[in-house]
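Structure first, commentary second.
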Amino acid sequence: PPTSRVTLSVNGDRHTALVDNRTSLLDLLREHLGLPGTKKGCDAGACGACTVLIDGRRVNACLTLAVRLDGAKVTTIEGLADGDRLHPLQQAFIDQDAFQCGYCTPGQIMSGVGCIKEGHTGSAAEIREWMSGNICRCGCYTKIVLAVEQAAG
Ligand code: FES
């Protein structure tokens, strides 16, 4: 199958990979770059487990073709903490006990970071609306909203 070389920045590190043109960003991260923090739930754009930021904007990595990202800046859950210091939203998830199994958590946190950056944190209802693409089968939505409110200040 046709392949392409893609060079992109992930969490501030430059990476070059030769990928099958059908490779998703999600598979590039997990299988080529050794970054398994971004989770694969549905692989079809329905669950939000694979949420990452591209140039600061939220996307579903499973729906994004890696070859289209030449030159892009990607941020994943692995890139949020500052050394040993957790990102305020990571800390808020711990403080608010905002997870049970944890599988959706990286996607929830990346989506929450985007939600805060976009300024959609005026009320609990607004946060729920703007994070409605992130499914939690354990049903931790109330606490997830509390965590986003905490980090948003
Ligand atoms: Fe991408 Fe579900 S794995 S939206």
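The values are calculated or read from the model by the stated rules, or taken from the named source; none is laboratory data. Here the structure is a predicted model, which means the values were calculated and not measured. A quick note on method: Cβ atoms are made from the backbone with ideal geometry, for glycine too, and the neighbour counts reach across all protein chains shown.
Would you check if there is a residue in the range 1-20 being surrounded by 14 or more Cβ atoms within 10 Å (Cβ to Cβ) and of a type in the set (D, E, K, R)? Full working, then the answer.
Narrowing the range 1-20 to residues surrounded by 14 or more Cβ atoms within 10 Å (Cβ to Cβ): 4, 6, 8-11, 15, 17, 19.
With of a type in the set (D, E, K, R) added as a condition, the list becomes none.
No: the range 1-20 contains no residue that is surrounded by 14 or more Cβ atoms within 10 Å (Cβ to Cβ) and of a type in the set (D, E, K, R).
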Could you name every one of the helices (runs of 4 or more DSSP H) located completely within the range 70-153 that has at least 2 residues being more than 16 Å from the chain's Cα centre (by Cα) and surrounded by fewer than 17 Cβ atoms within 10 Å (Cβ to Cβ)? 88-95, 124-130, 141-152
Within the range 14-57, residues among the aliphatic types (A, V, I, L, M) and assigned to a helix (DSSP H, G or I) come out as L25, L26, L28, L29
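Restricting to the range 21-69, and then to whatever is among the acidic types (D, E) and away from the ligand (no atom under 13 Å from the Cβ), can you tell me which residue is surrounded by the most Cβ atoms within 10 Å (Cβ to Cβ)?
E31
Listed residues G153, G107, G102; which is within 21 Å of L86 (Cα to Cα), more than 16 Å from the ligand (Cβ to nearest atom) and either out of contact with any Asp or Glu (no Cβ under 9 Å at 6 or more places or on another chain) or in the same structural domain as A46 (by TED's automatic domain parsing) (or both)? Don't jump to the end; show me each part of the working.
Values: G107 fails: more than 16 Å from the ligand (Cβ to nearest atom); G102 fails: more than 16 Å from the ligand (Cβ to nearest atom).
It is G153.
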